[in-house]
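These notes concern the structure reproduced below.
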Amino acid sequence: MADIGTDHALLPVYLIREGIASRVIAGDLNEGPLEAACNNIREAGLADRIGVRRGDGLDITWPGEVDTAVIAGMGGGTIRDILKLAGETAARLKRIVLQPMGDSGDLREWLAANGWRIEDEDLVREDGHIYEIILAVPGRETETDRTLVSIGPRLFEKKHPLLAEMIKAKIRKNRKIIAAMQLSRSPETGIKQQRLMERTRKLERIADACQVPDDN
Ligand SMILES: C[S@@+](CC[C@H](N)C(=O)[O-])C[C@H]1O[C@@H](n2cnc3c(N)ncnc32)[C@H](O)[C@@H]1O
């Protein structure tokens with residue numbers, strides 16, 4: 001597998017130690033993180049199992065070299081751009097594990113529109129923040145409702161215990177944006193505001209379906 005944006009190479013070291021992967025390519029765009037990665041890999045005595053490469057996204061691997069790519073800890077837009085630019089390399093991947101730090105809805109919608117099926121999803125809470133993890137495989141996403149795709153179709157199906165909290169946080173954020181938009185007199189902002197209000201109302205209905213009392 002390849003860990004794209006590996007930083008300190010904590011994931012590659014973990015995967016080898018736990019016997020989850022036999023060989024890992026640890027890639028990063030920047031020198032500082034790669035230095036830290038090399039040190040950690042050396043200290044773990046795993047230099048023969050983890051290859052370190054500097055480069056942009058999946059450019060560091062050739063098509064078919066790895067079957068799994070993890071892209072974690074970056075914005076959803078950056079993750080989408082990495083996949084977009086990866087062309088043949090992305091097309092030959094069997095699965096991708098993504099952990100976007102924002103814009104996860106746009107990322108899911110892009111995946112669904114570009115030949116990726118969301119196979120599984122999870123949410124993890126750490127230090128008051130909820131992290132989203134998406135496992136996608138080549139194929140056709142079966143969920144067609146845009147709002148459900150963006151919220152996390154598998155999270156909704158499995159009624160993930162943290163989903164309600166996550167939706168409520170998104171509703172609160174949207175309401176703040178809608179209130180800020182109220183100050184603008186531009187017709188374009190008015191249209192955007194209408195769209196966001198519609199999406200927020202849909203989120204409220206989904207929250208109701210998850211039996212989340214809307215207490216804000
Ligand atoms: C916040 S760290 C995430 C580290 C680790 N993946 C995690 O989830 O904890 C983001 C890392 O991605 C790297 N990065 C950002 N854009 C990248 C790109 N286009 N290709 C490769 N690495 C990138 C940064 O240099 C940084 O080390």
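Which fully enclosed helices (runs of 4 or more DSSP H) of segment 44-141 have 2 or more residues being open to solvent by less than 40 Å² (accessible area, probe 1.4 Å), in contact (Cβ under 8 Å) with a residue 24 or more places away in the chain and charged (D, E, K, R)?
So the answer is 104-113.
The conditions are (1) more than 15 Å from the ligand (Cβ to nearest atom); (2) in contact with a strand residue (DSSP E or B) (Cβ under 7 Å, 6 or more places away or on another chain), and GLU65 fails exactly one of them. Which is it?
(2)
Residue under question is GLU31, and the condition is that it be near the ligand (Cβ under 10 Å from one of its atoms), surrounded by fewer than 14 Cβ atoms within 10 Å (Cβ to Cβ), over 18 Å from the mean Cα position of the chain (by Cα) and more than 24 Å from GLY102 (Cβ to Cβ); does it hold?
yes
Out of everything in segment 1-20 that is of a type in the set (Gly, Ala, Ser) and either within 18 Å of ILE79 (Cβ to Cβ) or at pLDDT below 95 (or both), what residue ends up being farthest from the chain's Cα centre (by Cα)?
ALA2
Report the residue count in segment 7-16 for those that are open to solvent by 10 Å² or more (accessible area, probe 1.4 Å) and either of a type in the set (Ser, Thr, Tyr) or under 14 Å from THR68 (Cβ atoms) (or both).
Residues that pass the stated criteria total 4.
Keeping to segment 45-54, report how many residues are within 16 Å of the ligand (Cβ to nearest atom) and touching a helix residue (DSSP H, G or I) at 6+ places or on another chain (Cβ under 8 Å).
Result for segment 45-54: 4.
Within segment 163-182, does at least one residue satisfy the condition of being assigned to a loop (DSSP other than H, G, I, E, B) and at positive phi?
no
Mind listing whichever residues of segment 1-28 are more than 15 Å from the ligand (Cβ to nearest atom) and assigned to a helix (DSSP H, G or I)?
ILE16, ARG17
Could you please let me know if GLY57 is within 12 Å of the ligand (Cβ to nearest atom), at positive phi and not acidic (Asp, Glu)?
Yes; evaluated as a whole, the condition is true for this residue.
Cβ-Cβ distance below 8 Å, separation of 6 or more or different chains: which pairs start in segment 183-202 with a residue that is modelled with pLDDT of 90 or more and end on one that is surrounded by fewer than 12 Cβ atoms within 10 Å (Cβ to Cβ)?
Listed pairs, sorted by first residue: GLN193/GLN182.
The values are calculated or read from the model by the stated rules, or taken from the named source; none is laboratory data. The shown structure was predicted, so the numbers you read here are calculated from the model rather than taken from an experiment. We place every Cβ from the backbone using ideal geometry, glycine too, and count neighbours over all the protein chains shown. The protein model used for the area step is the full one, side chains on, heavy atoms only, and it has no ligands, DNA or RNA in it. Shrake-Rupley method; radii C 1.70, N 1.55, O 1.52, S 1.80 Å.
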